[in-house]
1. Using the Karplus curve 6.51 cos²θ - 1.76 cosθ + 1.60 with θ = phi - 60°, what ³J(HN,Hα) values do you get for each residue of the range 96-111, in whole Hz, with x for Gly and Pro?
2. Keeping the other protein chains in place, figure out the carbon and sulfur percent of the accessible area of the chain, with a 1.4 Å probe.
3. Let me know the number of lysine pairs in the chain closer than 29 Å at the Cα, not counting same-chain pairs under 8 apart.
4. Over the chain, what relative contact order in percent results from Cα pairs under 8 Å that are six or more residues apart?
5. Taking loop as defined by DSSP and a crowding limit of 16 other beta carbons within 10 Å, which chymotrypsin sites (Phe, Trp or Tyr not before Pro) in the range 28-78 fit?
6. Of Val79, Phe44, Ser90, which is farthest towards the positive pole of the range 43-99's charge dipole, taken about the Cα centre with +1 and -1 on the beta-carbons of Lys, Arg and Asp, Glu respectively?
7. If you wrap a convex hull around the alpha carbons of the chain, what volume per residue comes out, as a whole number of Å³?
8. If you take every DSSP beta bridge fully contained in the chain, what fraction is antiparallel? Give it as a percent rounded to 5.
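The values are calculated or read from the model by the stated rules, or taken from the named source; none is laboratory data. Predicted model only: the values in this text are computed from it and were never measured. Quick reminder, even Gly has a Cβ in these numbers, built from the backbone with ideal geometry, and neighbours come from all protein chains shown. Please note that ligands, DNA and RNA were not included when accessible areas were found on the heavy atoms of the full protein model with its side chains. Shrake-Rupley method; radii C 1.70, N 1.55, O 1.52, S 1.80 Å.
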Amino acid sequence: KIMLSGNGLMDSPAPLDLCYYFTEFDLKNVSEWCPPERNILKHFYESTKGGDWTENTNWTDQYIDHCDWQGVNCVDNAVTGLNLSNNGLSGKLMSEISELNAIEILDLSDNDIKGLIPPEIG
């Protein structure tokens with residue numbers, strides 16, 4: 001187990017890998033420390049081969065807020081837009097993207113996304 005609650009020396013959000021990979025992290029379900037949208041975006045990044053994107057500034061940085069990742073637009077820390085057109089994305093669009101509840105703009109045009117639009121977002 002990783003126990004960090006009550007640690008006055010740590011700033012939020014918690015390091016991304018603690019939130020994403022470690023199920024035994026005590027702050028995993030505390031949105032101030034582990035924003036669920038950040039985990040969704042990390043999964044999106046991995047499923048669309050983010051390491052090969054043309055521009056992926058700040059994506060999956062351990063300490064940078066997801067609202068400061070390239071192409072991510074937020075209002076009050078909620079993702080309202082993903083603008084990643086012509087950016088070298090490839091793979092399938094995952095259905096979890098529909099869990100970005102405040103999203104209004106999803107621009108993935110001119111990329112190599114395969115398959116159907118998941119019905120959860122369509």
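1. 4, 4, 5, 7, 7, 5, 9, 5, 10, 10, 10, 10, 10, 4, 6, 10
2. Values: 3280 of 6940 Å².
Within the chain, the accessible surface is 47 percent carbon and sulfur.
3. 10
4. Values: 195 pairs, mean separation 24.8, N = 122.
About 20 percent, as a whole number.
5. Details: sites: Trp33, Phe44, Tyr45, Trp53, Trp59, Tyr63, Trp69; in loops: Trp33, Trp53, Trp59, Tyr63, Trp69.
Here the chymotrypsin sites (Phe, Trp or Tyr not before Pro) that fit, given the DSSP loop and packing criteria, are Tyr63.
6. Ser90
7. Numbers: hull volume 12.4 nm³, N = 122.
Hull volume normalised by residue count: 101 Å³.
8. Details: 4 of 11 bridges.
Here the antiparallel bridges make up roughly 35 percent for the chain.
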